Amino acid sequence: ATHEVFYLNKDMHEAHDAYLCVGEKTYVHVNDRRKYTNAHYLKTTKEMYELFHDLPEALENNANFPYRISYRPKNSSPVLPNIQTDETKNVNDLLIKESTEGLREKLNEYVFPFSDSNNKKEITNLYNERLNHEIRIISEMKYSSYFLIVSDYIKWAKKNDIPVGPGRGSGAGSLVAWALSITDIDPIKFDLIFERFLNPDRISMPDFDIDFCEEKRDLVFEYLKKKYGKGVAHIITFGKLKARMAFRDIGRVLGLPYGYVDTLCKMIPFDPSRPLSLKESIAREPRLQSEEKKDPRVKKLIELSLKLEGLNRNMATHAAGVVIPEEKSAELVPLYKDPSSNSLLPSTQFDMYASENAGLVKFDLLGLKTLTVIQKTVSLLKEKNINLDIKKIKLDDSKIFEALSQGHTVGLFQLESAGMRDALVNMKPNKFDDIIALVALYRPGPMSNIPTYNQCKHGEKQPDYLHPKLKKILEPTYGVIIYQEQVMQIAQTLSGFTAGEADILRKAMGKKKRAELEKQKERFVNGAIKNGITKDTAIFIFKKIEPFAEYGFNKSHAAAYAMIAYQTAYLKTYYANEFIAASMSNELSNTDKLGEFYEELKRLKIKV
């Protein structure tokens, strides 16, 4: 015995009715619309008995409901598509084969030509040791298929002239990823840590975020659909009804004047970094309290909005995430196709977290228009018989650093804001590591460390390395802790943490969970004492690095995005005509941006 349940409590009837009006774009006072009675709440056992006392067998079956229905998928291990391998190889063997072959090619192309030939054996051993270390962890954690799937669609994209970014996020810290052409960042060259990406001491799925040329990303989705079948899908997202939107929606269906509702909405504090609930906003805002007391319409607006705040308001598609299920598990979650969308793929009806609980694995394919600009520039050069491999440009070009130091950054990825231009002028970068540092520093929080970095860089101030043992870690950043990886390296050097343990420490510091933080602090201090450091010094250093772990940046991501920034700077420095032409073609609908480029052309004395 059941009935239609639309809300839990009886007093939600009026709020539910108003929300129906929101969805159907009508008003509560309209009679000719869909309406329900006030009986659609979740009834108690006693109420159900009173309704169905003449059907006792139906009531007995109610006890079986919890065993017969489930609206949350149970946690399941990740299910990935089967990778086709030779009969003699399993997926781990295939990962070893492709990684080893890939690393050999990378060394021959990007490392040995720029190294002392007498050190070739030593370099090979260094890279092979790191590769074997990563492969062991990946295989033991059963993620070989994941790496091979990502590598496959990236190699396909590159083969089919679809630009792919050099890396994004912590995945750029993996040597296996570099060997498999997932990234273009050599993690050994840039001192990046694999365990920041995949930690054997903290079981969680690896997560490669891959940037593709914005104009051609759909071709990659099409490839995935053809290769892995109908189960490949985008991931649904649900927009929540937040305080201001609740006021606007409910104010409209109640028939309140738009201007009046807008005035009320602006009384709700707006802080994206820490959004307040409607209840918190009313408690903080005397004007809202006053309006509620003197106007019964506002009282009703607040009453209904408080009940509806936090509910799902609309659905959309995750900007980048797709799931690629194993063939037999393609029906693990329900799918739907939005008739108003021109998307190639359907979407899951479960959100990202529920889909992952069901065993589906998310792959992130993002669109980045700067990659389109770079490709168009290279294509224009090719028309002039200039064949440029953007991946092989020198990273120590003084002419580029001179241009950056003068603040000439219009059109440059990550570097063209007014604040970033000022930061470059003050820093006067003269090496690629400076660009990495600035990408990481130029954010709320760490931005306050830019002056210290600059003063130490220019010899106006002595760097503070906290302890002689930490000089090697902090010297490249002039004593300023910029990267999360530096916090991890400090824990390893001072206190004997493994890379995996150091990553757990970093995460504990960032989340500020007191119990876990105290546990990690004790481990850090005891490890430092065993390493010949006094307790007071160990505590002092722990307190010093703790705030940096919270807002420290992921160096792997900073290095990858600094690479794109440098590539755009290179193209603009040496091929300004082609670069600005490509940039303007990419911004045809943005008149403000076109105006900026026009002024830049005049500065460069380039005729239009």
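Read-outs throughout are calculated quantities, based only on the coordinates presented, and are distinct from any laboratory measurement. Because the structure is predicted, anything quoted here is derived from the model rather than measured. Every residue, glycine among them, receives a Cβ derived from its backbone with ideal geometry; neighbour counts consider all protein chains shown.
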Working from the alpha-carbon coordinates of segment 167-253, get Rg over Rh, Rh being the Kirkwood radius. 1.17
Quick one: dipole size for the chain, taken about the Cα centre, charges +1 on Lys/Arg Cβ and -1 on Asp/Glu Cβ, in debye to the nearest 20. 1080 debye
Put a dot 7 Å past each Cα toward the Cβ at Thr263 and Lys226; how far apart are the dots in nm? 6.1 nm
Taking the alpha-carbon centre of each part, the distance from segment 359-382 to segment 5-42 in Å is 46 Å
Cα lying deepest toward the dipole's positive end in the chain, options Ser417, Ala319, Cys21, charges on Cβ: Ser417
Just need the relative contact order of segment 94-208 here, percent rounded to a whole number, with Cα pairs under 8 Å and 6+ apart. 28 percent
Neighbour net charge for Ala15 - beta-carbon separation under 9 angstrom, K R +1, D E -1: -3
Across segment 130-205, how large is the tail of the calculated P(r) beyond 14 Å, expressed as a percent of all Cα pairs? 60 percent
What base-10 log of the normalised intensity I(q)/I(0) is obtained for the chain from the Debye formula, alpha carbons as equal point scatterers, at q = 0.06, 0.08, 0.12 Å⁻¹? -0.44, -0.77, -1.41
Of the candidates Ala515, Asn199, Tyr453, the farthest towards the positive dipole end of the chain (Lys/Arg Cβ +1, Asp/Glu Cβ -1, centred on the Cα centre) is Tyr453
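Say R0 is 56 Å: what FRET efficiency, to the nearest 0.05, do Gln289 and Lys530 get from their beta-carbon distance?
E between Gln289 and Lys530, to the nearest 0.05, is 0.45.
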Work out, step by step, the length gained on full extension between Ile123 and Tyr353: first 0.36 nm times the residue separation, then minus their alpha carbon distance; give nm to one decimal. 78.6 nm
Positive end of the dipole of the chain, charges at C-beta (+1 Lys, Arg; -1 Asp, Glu), about the Cα centre: which of Gly231, Ala172, Gly479 has its Cα farthest in that direction? Gly479
Run the helix sum for the chain: -39,500 (n - 2.57) per DSSP H stretch of 4+ residues, divided by residue count, reported at 222 nm to the nearest 500 deg cm²/dmol. -15500 deg cm²/dmol
Please give, to one decimal in nm, the separation of the simple spin-label points placed at Leu588 and Lys428, each 7 Å out from Cα toward the Cβ. 4.4 nm
Rounded to whole Å and sorted largest first, list the principal axis extents of the Cα atoms in segment 509-597. 60, 27, 16
Suppose each label sits 7 Å from its Cα in the direction of the beta carbon; what would the Lys142-Ala58 distance come out to in nanometres? 4.6 nm
Segment 164-170 - phi-based ³J(HN,Hα) in whole Hz, Karplus 6.51/-1.76/1.60, Gly and Pro as x: 10, x, x, x, 6, x, 6
Nearest 10 degrees is fine. How inclined is helix 484-495 to the longest principal axis of the chain, computing both from alpha carbons? 70 degrees
Just need the Rg to Rh number for segment 479-553, please, alpha carbons only, Kirkwood Rh. 0.92
Taking H as built 1.01 Å from N, whose amide H comes closer than 5 Å to the amide H of Gly367, not counting residues under 5 places away? Phe212
Amide H contacts under 5 Å for Asn586, restricted to residues at least 5 apart in sequence or on another chain and with H modeled in the peptide plane, are none
Length-normalised contact order for the chain - Cα pairs under 8 Å, 6+ apart - percent: 15 percent
Can you tell me what share of the DSSP beta bridges in the chain is antiparallel? A percent to the nearest 5 is fine. 60 percent
Working note, segment 242-310: Cα radius of gyration (Å, one decimal) and Dmax (Å, whole number) are 10.9, 33
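Provide the FRET efficiency to the nearest 0.05 for the Ser341-Leu366 pair, computing r from the beta carbons and using R0 = 25 Å.
Calculated transfer efficiency: 0.85.
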Charged-residue dipole, Cβ positions (Lys, Arg, Asp, Glu), segment 134-243 about Cα centre, Debye nearest 20: 480 debye
Amide H contacts under 5 Å for Arg313, restricted to residues at least 5 apart in sequence or on another chain and with H modeled in the peptide plane, are Gly239, Lys240, Leu241
Measure of size requested: the Rg and Dmax of segment 10-68, with Cα atoms as the atom set and Å as the unit; please supply both. 16.1, 42
